Amino acid sequence: MYSFGERKDTSIVDEPFYAHYLNKTEADHPMREEVLKSQNASFDAVVKKVYQAEYHKEHVFFKQMSHHMCGKLPTFAVNDKNILLIREPKGMILSFSKVIDSPTIEDLGISSTVDLFHYFEENDNPPIILDTGILSENPRDTMKKLCAKLNIEFDEAMLKWESGPRAADGVWAKVWYASVHASTGMIASSPQKITLPHKYEVLYRTCLPYYSFLRKRSIQ
């Protein structure tokens, strides 16, 4: 999201269905009440008032969490360019566990991401899959390939940004975005070796087949 936010031709929207998800599931997330007050919890209202709103730039980048739609089909996006961002499950689980002590596969959204892949593929619009591990190893080339698939010009500005929050951040940023707020861009790095606590082993093994399915189809 921050990368696309550096483009002068692109507006960014941060997780417009988060309040819908919290309202529907009653999930006990940090800042739950603040999130519910900050957004419309109606799925249809978000589609109409946020997703289908008029924006003053050529492109709009919507950052979504697949499970935030609570099983509803994204018919509103069936003809758009859709990117599925994936991450090796160990890193994803460790990241979530810093905020949610016992994340579930539903919290991680990896199974619903596979469901989205099938949905868009069945509607003759296969999504682009971007793996954060591959992106980290070679950010410039990977972003160039991504832009080519999106039929937009690559912009060097997408690789760097100033540290700190953004005006487009959701109110939950103070809880979830510490790492990205500390970052200043995409820097090539080798994969980190991650050791998960034993209590997450079953969750990791459950996530792995979904991740492997998507990884095989990602930008290489």
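The values are calculated or read from the model by the stated rules, or taken from the named source; none is laboratory data. The structure displayed is predicted, hence computed values, not measured ones. Note: ideal-geometry Cβ built from the backbone for every residue, glycine included; neighbour counts use all protein chains shown. Heads up: the accessible areas ignore ligands, DNA and RNA and are worked out on the full protein's heavy atoms, side chains in. Shrake-Rupley method; radii C 1.70, N 1.55, O 1.52, S 1.80 Å.
Residues that are under 13 Å from His20 (Cα atoms) and either of a type outside the set (Lys, Arg) or in contact (Cβ under 8 Å) with a residue 40 or more places away in the chain (or both) were ranked within the stretch 51-75; the one that is surrounded by the fewest Cβ atoms within 10 Å (Cβ to Cβ) is Gly71. Check whether at least one residue in the stretch 125-133 is closer than 20 Å to Pro16 by Cβ and either of a type in the set (Ser, Thr, Tyr) or in a helix (DSSP H, G or I) (or both), and report yes or no. Scanning the stretch 125-133 turns up no residue that is closer than 20 Å to Pro16 by Cβ and either of a type in the set (Ser, Thr, Tyr) or in a helix (DSSP H, G or I) (or both).
Output yes when any residue across the stretch 81-99 is under 16 Å from the mean Cα position of the chain (by Cα), open to solvent by 70 Å² or more (accessible area, probe 1.4 Å) and either among the basic types (Lys, Arg) or on the phi > 0 side of the Ramachandran plot (or both), and no when none is. Taking every residue of the stretch 81-99 in turn, at least one turns out to be under 16 Å from the mean Cα position of the chain (by Cα), open to solvent by 70 Å² or more (accessible area, probe 1.4 Å) and either among the basic types (Lys, Arg) or on the phi > 0 side of the Ramachandran plot (or both).
When Val35 is tested against (1) within 23 Å of Ser179 (Cα to Cα); (2) of a type in the set (A, V, I, L, M); (3) open to solvent by less than 20 Å² (accessible area, probe 1.4 Å); (4) modelled with pLDDT under 95, only condition (4) is not met. Checking each residue in the stretch 164-220 for being of a type in the set (Phe, Trp, Tyr), in contact (Cβ under 8 Å) with a residue 24 or more places away in the chain and assigned to a loop (DSSP other than H, G, I, E, B) picks out only Trp172. With respect to the numbered conditions (1) part of a helix (DSSP H, G or I); (2) modelled with pLDDT under 95, which one is the sole condition not fulfilled by Asp141? So the condition that Asp141 fails would be (2).
Restricting attention to the stretch 145-188 and to residues that are surrounded by 16 or more Cβ atoms within 10 Å (Cβ to Cβ) and among the basic types (Lys, Arg), the residue that is nearest to Thr113 (Cα to Cα) turns out to be Lys145. All conditions in (1) part of a loop (DSSP other than H, G, I, E, B); (2) touching a residue at least 40 places away in the same chain (Cβ under 8 Å) hold for His20, with the sole exception of (1).
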